[in-house]
Amino acid sequence: MKKALVLGLVAFAASSFVAFGDIIPTLDSVTGSSPNFTWNYKANVTVDETVNTGDFFTIYDFSAIMPTTTNQPAGWTFSTALVGPTPALVSPTDNASLWNLTWTYNGAPIAGAAALGTFSAVTNTDQLKQGQFTAEASRSGAPAGTKIDNIGNVSVPVPESTSLLPLIGVCGAALYFAPRLRRQRA
């Protein structure tokens, strides 16, 4: 009985130290002023993972307006889509009316752990909310070359139209009811 308990604890401890590989983008800063705010993301690849040609990460529901100004490290290509692209083994929340940002790698392998650089996109707001990202890269260890998909949270801009909706509603109500209130007083 004691032997089974000890073996069970050893197996649990060993499984706790298994390293998983990920590409992880995080919001570093938002700079600029209205109407051009630059959202700067830093991305890293973790231990036991390699970024190979074709590997990518996507930030979902970035903006209602498609970003036209972007910046990325050498070897990375920027693209946008209203849906996806999404790695096969994850299921993010993806609003089909908001643009997704994707950076795809096209260079020599980058072994983790490593900083991948700064990835930037310009939009019209500096207001943020919680969003999601997904990524796909390749395992460095056994079995080498296996695709690893991951999903996580990242800050994204609040879509401009939804941030102004309460203000537009109040102004619209005031315009609608103001003439009617004047008629009642007369």
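The values are calculated or read from the model by the stated rules, or taken from the named source; none is laboratory data. What you see is a predicted model, and the numbers here were worked out from it, not measured in a lab. Here the Cβ positions follow ideal geometry from the backbone for every residue, glycine too, while neighbour counts run over all protein chains shown.
Are any of the residues in the stretch 161-182 surrounded by 11 or more Cβ atoms within 10 Å (Cβ to Cβ) and modelled with pLDDT of 60 or more?
Within the stretch 161-182, not a single residue is surrounded by 11 or more Cβ atoms within 10 Å (Cβ to Cβ) and modelled with pLDDT of 60 or more.
For the stretch 133-150, name all the residues that are in a strand (DSSP E or B) and of a type in the set (A, V, I, L, M, F, W, C).
Correct list: Phe133, Ala135, Ala137, Ile148.
Go through (1) within 19 Å of Ala64 (Cα to Cα); (2) at pLDDT below 95; (3) buried (at least 18 other Cβ atoms within 10 Å of the Cβ) one by one and return the number of the condition Trp103 breaks.
With (1) within 19 Å of Ala64 (Cα to Cα); (2) at pLDDT below 95; (3) buried (at least 18 other Cβ atoms within 10 Å of the Cβ) applied to Trp103, the lone miss is (2).
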